[in-house]
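Remarks on the structure that follows.
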Amino acid sequence: MKLQFNNLVLRPHEKETALLKICEKRLHAPVKYFKILKKSLDARDKSNIRFVYSVECADEEVFVPEPVFPKITKPMPRVVVVGTGPAGLFCALRLLDYGVKPVVIERGKPVEEREKDVARMCGEGVLDPESNVQFGEGGAGTFSDGKLNTQTNSPLNKEVIRLFLHYGAPAEIGFLGKPHIGSDKLKEVVVRMREHIVAMGGEVRFQSKLTDLEFRDGKLCAVKINNVREEADEVVLAIGHSARDTFEMLLGKGLKMEQKEFAVGVRIEHLQSSVGRAQYGAGYAALPPADYKLVSHAGERAAFTFCMCPGGVVVPSASEEGGVVVNGMSNFARDGRNANSALVVQVKREDFASEHPLAGVAYQRKIERAAYRATGSYRAPVQLAGDFLSDRESYYFGEIKPTYAAGTEFVPMQAILPPPIVAGLKAALPDMGTRLMGFADYESVLTGVESRTSSPVRILRGDDMQSVEGVYPCGEGCGYSGGITSSAVDGLRVAEALAKKYM
């Protein structure tokens, strides 16, 4: 007999093995099958913090079958998947389930080599435009917190978790209310995914950039990879939100695109201990590293925190020479001294200089280059929050030291960010500080610029997921997702739509 029990409560000092005893008591029999379905931390009452569980158990072994997929019966198409972020990888994995052996191309390097290039950028300020935090195996999410929580309600969300677990992600992602893999674990997972694609007869090629598409009678017939022509029946564009040169090429080939609004701002850093104390009270040290998510409507434009990284670092994330871009990253343990989060303000179409589909790219680039000019290098401009709010220059760091490894330089954010963004941040900081103690403290560190929150463009597609016959825009870069889970889901959906053509 299999049963589900909800709202089981454990105190922070209690071990999860106590759940087994609870289940055995309710089953009136020894537990032979046990699974945690959900685990969340209830910290609304700081004097009564507790973990709340939903579990599934049975007094007999339970077999959970793997999903079965129909195989393509028509002549096998030659499919090229462009990009190895979550959209591209999950699309390729699902195509294999249908019997398709895709060619997966990635403009960057394998994650093992990519790590060395990122380390060189951090230590020496030397950028490789094709191998960095944006480009390379695993996509931009590889150097992040690896968050898997999503605001979408797709039934495929569970399938994404199942596949991550299958390729070695930590078991906790299967039941945590806010699951995360961590950058260190995510790198290992994407390598296993690559190895499986190759073992099943697919190809994975690195330092292989999509440079052209060729059409015959309105249908894709070939692609150019590093300017070398190869025949192709279908191409999946899982290109990521920073593939600006690829956007330009696709626009030149006649793919329909539209501007998409996004957000820009800074990274804000606090001591992780301060965030823990604010969220959980004096007993924070016995609990998992605390996070937060804040939204403010105090200004004329909405502002919000994004991609919060407990115990993490701010990383250099430029992909073009002459621009400074920052992002946040944390490992699975989240055991760093600082917490950081994007603090960003809405960018509207009215901010763009034209109606051109890529005007948002130009807007991002202008800010990134202003940040580079301000320091004369890939050192990031920084300012204390108190000085920013008071229109004063910063001259010292307090207890909070910036974690941006490529170096920093004190620069007023007003000299870099557009006035509407500055006004939005000034309204949001004290407002958010009323809801999270210490958020707007004087010595909180602002690091600029956070400009790649999401894609500034959407490549239009129809109900069949195609923009042109044989071309499938996919994932965050093409404007159809935001974050690892929703991008992976879009990859699965595109694979299903593509396979359906050949059934």
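Does P12 fit the bill of being within 35 Å of the chain's Cα centre (by Cα), outside the structural domain of L165 (by TED's automatic domain parsing) and part of a loop (DSSP other than H, G, I, E, B)? Break it down into steps so the answer makes sense when it comes.
Values: within 35 Å of the chain's Cα centre (by Cα): yes; outside the structural domain of L165 (by TED's automatic domain parsing): yes; part of a loop (DSSP other than H, G, I, E, B): yes.
Taking the combined requirement at face value, the residue satisfies it.
Taking segment 241-261 as the range and being buried (at least 22 other Cβ atoms within 10 Å of the Cβ) and outside any loop (DSSP other than H, G, I, E, B) as the test, the residues that pass are F247, L250. Just so you know, in segment 70-100 the residues that are farther than 30 Å from A140 by Cα and surrounded by fewer than 17 Cβ atoms within 10 Å (Cβ to Cβ) include one that is modelled with the lowest pLDDT, and it is K74.
Assess whether L213 counts as being in a strand (DSSP E or B) and either crowded, with 22+ Cβ neighbours inside 10 Å or within 17 Å of the chain's Cα centre (by Cα) (or both). For L213, the condition - in a strand (DSSP E or B) and either crowded, with 22+ Cβ neighbours inside 10 Å or within 17 Å of the chain's Cα centre (by Cα) (or both) - is met.
Look through V62, V68 and report the one residue that is assigned to a loop (DSSP other than H, G, I, E, B), out of contact with any helix residue (DSSP H, G or I) (no Cβ under 7 Å at 6 or more places or on another chain), over 22 Å from D184 (Cβ atoms) and free of Cβ contacts under 8 Å to residues at least 40 places away in the same chain. Break it down stepwise before answering.
On the way: V62 fails: free of Cβ contacts under 8 Å to residues at least 40 places away in the same chain.
None of the others qualify; the one that does is V68.
Residues that are of a type in the set (D, E, K, R) and either more than 30 Å from L163 (Cα to Cα) or not assigned by TED's automatic domain parsing to the domain that holds V223 (or both): does segment 462-480 have at least one? Don't jump to the end; show me each part of the working.
Going residue by residue through segment 462-480, those that are of a type in the set (D, E, K, R) are 463-464, 469, 476.
With the extra rule that they be either more than 30 Å from L163 (Cα to Cα) or not assigned by TED's automatic domain parsing to the domain that holds V223 (or both), the set shrinks to none.
No.
Kindly check whether there is at least one residue in segment 245-259 that is among the charged types (D, E, K, R), touching a Ser or Thr at 6+ places or on another chain (Cβ under 8 Å) and modelled with pLDDT of 95 or more. Scanning segment 245-259 turns up at least one residue that is among the charged types (D, E, K, R), touching a Ser or Thr at 6+ places or on another chain (Cβ under 8 Å) and modelled with pLDDT of 95 or more. In segment 188-205, which residues are under 19 Å from G141 (Cα atoms) and either touching a Leu at 6+ places or on another chain (Cβ under 9 Å) or modelled with pLDDT under 95 (or both)? Result: V190, M193, R194. The numbered conditions (1) part of a loop (DSSP other than H, G, I, E, B); (2) within 23 Å of C309 (Cα to Cα) are all true for S354 except (2).
Does any residue of segment 271-288 turn out to be under 29 Å from A243 (Cβ atoms) and surrounded by fewer than 19 Cβ atoms within 10 Å (Cβ to Cβ)? Lay out the reasoning, then the answer.
Start the filter on segment 271-288 by keeping residues that are under 29 Å from A243 (Cβ atoms), which leaves none.
Looking through segment 271-288, none of the residues is under 29 Å from A243 (Cβ atoms) and surrounded by fewer than 19 Cβ atoms within 10 Å (Cβ to Cβ).
The values are calculated or read from the model by the stated rules, or taken from the named source; none is laboratory data. Since the model is a prediction, treat every value here as computed from it, not as a measurement. We place every Cβ from the backbone using ideal geometry, glycine too, and count neighbours over all the protein chains shown.
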